[in-house]
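Here's the structure we're looking at; comments come further down.
The values are calculated or read from the model by the stated rules, or taken from the named source; none is laboratory data. Quantities reported herein were computed from a predicted structural model and do not represent experimental measurements. When we count neighbours, we look across all protein chains shown, and the Cβ atoms used for this are built from the backbone with ideal geometry, even at glycine. The protein model used for the area step is the full one, side chains on, heavy atoms only, and it has no ligands, DNA or RNA in it. Shrake-Rupley method; radii C 1.70, N 1.55, O 1.52, S 1.80 Å.
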Amino acid sequence: MCRDAWADGLGDPDLPPIAEWAAAHVIVPDGPRQGRLWSPELTPYLLEPLEVLHPDHPATRVSVKKSAQLGVSILAILWLMYLMDRCPARLMYVQPTRELVAAFGREKLDPMLAACDALNGKVREQKQREAGASQALFKVFRGGFLVLTGANSSAGLRMRTIQYIVGDEVDDWPADLDGQGAPMEMVDARQISFHRSGRYKKLELSTPAFAGASQIDDGYEDSDQRLYHVRCPLCGHEQVLNFKPKHADPPRGGLVWDAGRPDTAVYVCERGCTIEPWRLPAMIQPENGARWIATKPGPGRHPGFHLHAVYSLLTTWAKMVEKYEDIKGDEKKEKTFFNLWLGLSYALKADAPDIALLMAVRQDYAMGRYPAGAVFATGFTDVQANRLEWAVYGWGPGGASWLMDRGVIPGDPAGNDVWREHDKVVRRAYEAAGGKRWPADAWGVDTGYMTQRVYLHCRSSPRLFACDGRPGALAPPLGLPKAQDVDWQGKRYRGGVSLWPVGTWAMKAELMAALRRTVKGPDENGVWPVGCAFYPIGYTEDEFKQLTSETLVTEDRPGGRKALAWKKVSKDARNEQLDLYVGARALAEHLGLSRLEPHEWEKLAAERGAPPDRVQMDLAALWAPGFTGPAVADAAGGAGTDADDGAGPARGDSATAADGGAGPARDAADGGADGWIDQDEARGWMQ
């Protein structure tokens, strides 16, 4: 298409190399070269990917598997801008969501288009109502257009025929889009009419996420698997740079440093030469022998590239080592390091510990009150055909959790009696070590069963979150709510309740990791790992079976794609306890469990009367090897607001406070002087 147009007299059919064009016309919007013309000096490894993206190169698919810290994100922009100027056609750029792609357009693409002299006057001015004008997500230029859309938008991925496509951060795309299939299948369908001519290309690039369900892993596996080889500046040996040494004794072919001293990091080549960090900029330049080599060439294999942060001139080996040493057994940090620094997918450890081990590490703390270390609490209710099951979890620094209270309310959820009892449970206040009492800070109810009846009750109880589980590794713990109609016994309330989507996938993975940390037990100094999940002596074997009733499996999806999914370990396995943890954990994340800074934890603990020495100890654990373990019932027996079995409504003074008395629980719930947040913050607390 584009060569025919140029042959008709629109320009020189001999298209220049993309890198040459970019170096003459593209102004970098941020980073070390901000405000200057793009140059491959900092990112010489982009030269070959730009070559295979050229319209005259026969490749129709290009895969780039990458870490962060490499400056690779500009690759797609350079290619798109080049096409807009020298080979105009129908273009599409897809990011995981429309929100992300809109931010990309605003913050990256629009400034670069405005600063590019070669595109001055070619991209039509953005106007609100003029036909044919560019829009924020639709750029019109002479000879074609560029569509910006999200992989979460079926409308954006349909209808149009597209010649050149960028799929960015494809591992963050949903596995299925509204039951219509994988977004990548929809993207590929946009290019069908070009299959016979071969005049089309798709660039897919991403930081990988989870092993076994990584779209960029699949793309790279199908490719010729190119790796960037460099020559040792001391001995000339050609090799691939690694983070961990390829050979262990003595360490060769990787970074080596003194433990606890990231600043000592050097690279030891495969022949034993010590390469100082200052040599890296010259070592990765093509003129010094650096080059991409296909490690799995063959018919039908497209160009594929893999690169990680050891090659980066935008960060340092010392910083990379610092991030590695900071992992300290934290699986979250380990995954982040694999993904963002090594450019590798992470093999999630989803196995649950043996039930006997979990029974052995139950803790002797009193139910119905705050254990030392827990600073706030969330509750969740699971609706069954003949009962409501509920649980309250306390949360502390580092993601540590304690089951604080639990119970069952028998009865038909269609009626009113069980919900009256439920209201009493939700109002129940819990006493901390300092004597203050307050109810759970947030409470959710699962809407999967008896949906409309649950909607009706949540509509009448503003403190309740109506929740609905969402599968998939990319679903947030608690997403943005949507208004739902309430339709019950002939009465309809349009938009009567806000439905909150709960991303169950990640919360289940977090629980399994927490349980594995817990069964390790304390070290020889009595120090427990960070982020344990503690359960009381009374927690039964059957409840632990419910808690660990699901495991992670890899499923085949349409189009040959694989996805990770949580499945019950057996058909008849019950999972109520798992659902209760997931719901409570999602609400805790919504309230800031992973975002609170140390000074915020300290402030909150002081306001609520939690033992300051214990909280400071837990906070110190976030940068120390571990934290001192779970609280034990105090000498007074730890009598809480309610009986230890958590079966009935709150009694005595605690009920008075929870029902709206003048005590500390009311102040805390209302965000008063003793509360977690002030009145201004409270307005947005449940947003």
Q: Give segment 90-109 a look and list any residue that's open to solvent by 40 Å² or more (accessible area, probe 1.4 Å) and of a type in the set (A, V, I, L, M, F, W, C), or say none.
A: L100
Q. How many residues are within 15 Å of R231 (Cβ to Cβ) and open to solvent by 70 Å² or more (accessible area, probe 1.4 Å) if we restrict to segment 280-303?
A. 3
Q. Which one of the conditions (1) among the small types (G, A, S); (2) more than 27 Å from R387 (Cα to Cα); (3) part of a strand (DSSP E or B) does A483 fail to meet, given that it meets all the rest?
A. (2)
(Q) It is to be established whether one or more residues within segment 209-221 are surrounded by 19 or more Cβ atoms within 10 Å (Cβ to Cβ) and over 17 Å from L344 (Cα atoms). (A) no
Q) Of these, S214, S223, which one is out of contact with any His (no Cβ under 8 Å at 6 or more places or on another chain), under 30 Å from P471 (Cβ atoms) and hydroxyl-bearing (S, T, Y)? A) S214
Q: Exactly one condition in (1) assigned to a strand (DSSP E or B); (2) within 19 Å of L474 (Cα to Cα); (3) in contact (Cβ under 8 Å) with a residue 60 or more places away in the chain is not met by T149; state its number.
A: (3)
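Residue by residue, here is whether (1) surrounded by fewer than 14 Cβ atoms within 10 Å (Cβ to Cβ); (2) more than 21 Å from S312 (Cβ to Cβ); (3) of a type in the set (K, R) holds:
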position: A23; (1), (2), (3): no, no, no
position: P29; (1), (2), (3): no, no, no
position: E41; (1), (2), (3): yes, no, no
position: E48; (1), (2), (3): no, no, no
position: P55; (1), (2), (3): no, yes, no
position: A59; (1), (2), (3): no, yes, no
position: K66; (1), (2), (3): no, no, yes
Q) For segment 172-199, how many residues are surrounded by 22 or more Cβ atoms within 10 Å (Cβ to Cβ) and within 22 Å of V72 (Cβ to Cβ)? A) 4
Q) When V375 is evaluated against the numbered criteria (1) open to solvent by less than 10 Å² (accessible area, probe 1.4 Å); (2) closer than 26 Å to G496 by Cα; (3) of a type in the set (V, I, T), which criterion, by number, is the only one it fails? A) (2)
Q) Considering only segment 381-406, how many residues are closer than 24 Å to V361 by Cα and open to solvent by less than 10 Å² (accessible area, probe 1.4 Å)? A) 14
(Q) Within segment 306-321, take every residue that is β-branched (V, I, T) and touching a residue at least 60 places away in the same chain (Cβ under 8 Å) and give me the one that is surrounded by the fewest Cβ atoms within 10 Å (Cβ to Cβ). (A) T315
Q. Is there a residue in segment 496-518 that is over 29 Å from the mean Cα position of the chain (by Cα) and part of a strand (DSSP E or B)?
A. yes
Q) When you look at E204, is it in contact (Cβ under 8 Å) with a residue 24 or more places away in the chain, open to solvent by less than 10 Å² (accessible area, probe 1.4 Å) and not in a loop (DSSP other than H, G, I, E, B), yes or no? A) yes
Q: Please tell me if K139 is closer than 22 Å to D56 by Cα and either open to solvent by less than 50 Å² (accessible area, probe 1.4 Å) or out of contact with any helix residue (DSSP H, G or I) (no Cβ under 6 Å at 6 or more places or on another chain) (or both).
A: no
Q: Tell me, please, whether a residue that is assigned to a loop (DSSP other than H, G, I, E, B), modelled with pLDDT of 95 or more and open to solvent by 20 Å² or more (accessible area, probe 1.4 Å) can be found in segment 322-338.
A: no
Q) What strands (runs of 3 or more DSSP E) lie completely within segment 221-269 and have 2 or more residues being under 24 Å from K296 (Cβ atoms) and in contact with a strand residue (DSSP E or B) (Cβ under 9 Å, 6 or more places away or on another chain)? A) 226-231, 238-240
Q: Any chance you could count how many residues in segment 407-432 are among the hydrophobic types (A, V, I, L, M, F, W, C), open to solvent by less than 10 Å² (accessible area, probe 1.4 Å) and in a loop (DSSP other than H, G, I, E, B)?
A: 1
